[in-house]
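Trainee: One structure coming up, written as structure tokens, with questions to follow.
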Amino acid sequence: MTQEELSELIARTALGDRKAFSSLYAATSAKLFGVSLRILKDRAQAEDAVQEVYVRIWRRAGSFRVGQASAMAWLVTIARNQAIDMIRARQPATLEYDDAPEMADPDPDPEARAALSGEARRIEACLGELETGKAAAVVDAYVEGLSYQELAEKYRVPLNTMRTWLRRSLLKLRECLNR
């Protein structure tokens, strides 16, 4: 179909001519589907896009100006813009300011490091007061994240014994840290 014929169909569509609109659809839908599919890379979404494109064409046919662009270029632009709008709609919305990730340096400042350093020395000293195996089990549980079962297997003790070790060791650590 020539550009002049397409322009005529768009002009008649602007006047509400359903037969012209049907002819326009028959002549251009394959091309506009191809444009949408190339951008969206999903057949179902491309089909939805083409449906929206023809709704826009029906509503905006009166804005088409014969001298400004070719009829097919105008139609392809509508299809392209619809596909891009659908891609943008798929993307997550931008974060609100309060939800934005922290951009500051995650490392503690010098004062916090000094306090943590002193606290770390106190914890190490208190761990030193525990039996070696029990201190290592506490570190494995609360620093390495091992489960009771994994600890029991690692230290070759029954599960309930491991639970008792950890409970008693934590009580001793709390007493030591409160001194």
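Trainee: What percent of all Cα-Cα pairs in the chain falls in each 5 Å bin, counting up from 0?
Mentor: All Cα pairs considered, the percentages come to 1, 7, 11, 10, 8, 6, 4, 4, 3, 4, 4, 5, 6, 6, 6, 6, 6, 3, 0.
Trainee: With a cap of 12 neighbouring Cβ atoms within 10 Å, and only residues DSSP puts in a loop, list the trypsin sites (Lys or Arg not before Pro) found in region 10-70.
Mentor: Qualifying residues, ordered by number: 41, 65.
Trainee: Here is a follow-up. Using a 1.4 angstrom probe and counting only protein chains, how large is the accessible area of residue 119 in Å², to 10?
Mentor: That residue has around 80 Å² of solvent-accessible surface.
Trainee: I'd like the accessible area for residue 25, computed on protein heavy atoms only with a 1.4 Å probe and all protein chains in place. Round to 10 Å², please.
Mentor: The value for residue 25 is about 110 Å².
Trainee: Quick one: angle between helix 18-40 and the longest Cα principal axis of the chain, in degrees between 0 and 90, rounded to 10, please.
Mentor: So the helix axis and the longest Cα principal axis differ by about 30 degrees.
Trainee: Counting pairs of alpha carbon atoms under 8 Å apart in space and at least six apart in sequence, what relative contact order in percent does the chain give?
Mentor: Taking the mean separation of contacting Cα pairs over the length of the chain, I get 17 percent.
Trainee: By how many degrees, 0 to 90 and rounded to 10, does the Cα axis of helix 43-60 deviate from the longest principal axis of the chain?
Mentor: For 43-60 against the chain, the angle is about 50 degrees.
Trainee: Another question about this same structure. Which angle between 0 and 90 degrees, to the nearest 10, do you get for helix 159-178 versus the longest principal axis of the chain when only C-alpha atoms count?
Mentor: Orientation of helix 159-178: about 80 degrees from the principal axis.
Trainee: Given that compact globular proteins tend to follow 2.2 N^0.38 Å, what is the ratio of the alpha-carbon Rg of region 115-179 to that value?
Mentor: Compactness ratio reported: 1.12.
Trainee: Another question, if that's okay. Using a cut-off of 16 Å between alpha-carbon atoms, which lysines can reach residue 31, once sequence neighbours fewer than 8 places away in the same chain are excluded?
Mentor: 41
Trainee: Ordering 164, 132, 28 from largest to smallest accessible area (1.4 angstrom probe), what's the sequence?
Mentor: 132, 164, 28
Trainee: A further question on this structure: Accessible area of residue 175, 1.4 Å probe, to the nearest 10 Å²?
Mentor: 120 Å²
Trainee: Let me check something: with ligands and nucleic acids excluded, how do 127, 15 order by accessible area (1.4 Å probe), largest to smallest?
Mentor: Result, largest first: 15, 127.
Trainee: Could you please state how large a percent of the accessible area of the chain is carbon and sulfur, counting protein chains only and using a 1.4 Å probe?
Mentor: 52 percent
The values are calculated or read from the model by the stated rules, or taken from the named source; none is laboratory data. As the structure is a prediction and not an experimental result, all values here were calculated from the model. Heads up, the Cβs are rebuilt from the backbone with ideal geometry, glycines too, and the neighbour counts pull from every protein chain shown. What goes into the accessible areas is simple: the full protein's heavy atoms, side chains included, and nothing from ligands, DNA or RNA. Shrake-Rupley method; radii C 1.70, N 1.55, O 1.52, S 1.80 Å.
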